[in-house]
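Shown next, in structure tokens, is the structure this report addresses.
FYI, it's all coordinate maths here, none of it is from the lab. Computed from a predicted structure; not experimentally measured. Cβ placement follows ideal geometry from the backbone for every residue including glycine, while neighbour counts extend to all protein chains displayed.
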Amino acid sequence: MADGLALHQVGVRFGGLIALDDVSLTVGPGEVVGVIGPNGAGKTTLFNVVCGFATAHTGTLTLDGRPFRPRPHRLTRLGIARTLQGTGLFAGLTVLENVMAGATHTARTGLIPALLGLPRSDRDERRLREHARAVLADLGITEYADAAPDTLPFAVRQRVALARALAARPRLLLLDEPAGGLGADDVDSLAELIRGLPHRASDPCAVLLVEHHMDLVMAVCDRIVVLDFGRVVATGPPEAVREDPAVVDAYLGAALDEAA
Ligand SMILES: Nc1ncnc2c1ncn2[C@@H]1O[C@H](COP(=O)(O)OP(=O)(O)OP(=O)(O)O)[C@@H](O)[C@H]1O
Ligand SMILES: [Mg+2]
């Protein structure tokens, strides 16, 4: 069976409503896979299934070929990190401390003793701090290390949220609508960042990107899965998906007409 994450014929119901129906997809090591689809297509539900916030009533998930029952609190230990819609940063912590918080599972003692400066955690804390600084540098936001997140522009906060997720050294990063609320320039630099994730010198990671923003998805994904009414209506590389008549009908028609 394939390495990486795989969903096999996953179905999710909410009462009588079928939110996902027979959905299969894979995210292999080093791949950037996008999930797009119109409102209510099931994108967030799919994201939630992988995070363990929603349960698959039918079908299975595997991670490196082994059965995988996602639980939110176990994800980072399995090498999976996520960002959520909005940035969800801790307002009481600095940018650097927020990023340190993302990596605490790698330290022997938790963040709280580390932040309180308890003696036995000195070395752990120093290591965490260095690692967090390296991630900030990698994402080009070192200058904000000591700032309070809520004093920063949205695009920077969003980058901090990404840094926090990456601090956990994931091999798979799950992104839910990361372009939401960003202007065109910021979307371009986000695209560059996402494209680079599988090729980072340290801790390269694959990406599952759930996103409305068509340009971003087309620009960064190796493969795109198109959902409509909870079903996969197309899957393939961006150029194939863009031309797929089922996709044009279901979703892209209006957007392409607008762009023409
Ligand atoms: N917790 C829930 N309880 C009941 N129905 C739900 C729940 N979550 C989602 N749904 C329904 O499941 C379907 C899929 O919703 P989902 O949020 O996954 O779509 P989406 O593709 O993320 O849409 P959007 O683009 O608007 O974010 C919708 O019909 C939605 O109303
Ligand atoms: Mg959604």
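Computed from the C-beta positions of ALA246 and ASP64 and an R0 of 22 Å, the FRET efficiency is 0.10 to the nearest 0.05.
When shorter helices are ignored and each DSSP H run of at least 4 residues is given -39500 (n - 2.57), the per-residue value for the chain at 222 nm works out to -9500 deg cm²/dmol. In segment 1-45, which residues have a backbone nitrogen under 18 Å from the label point lying 7 Å from ARG195's Cα in the Cα-to-Cβ direction? Zone members listed by number: 30-35. Relative contact order (percent) for the chain, with alpha-carbon contacts under 8 angstrom and 6 or more residues of separation? Computed over the chain, the figure is 27 percent.
Separation of segment 1-69 from segment 129-196 is 25 Å, based on Cα centroids.
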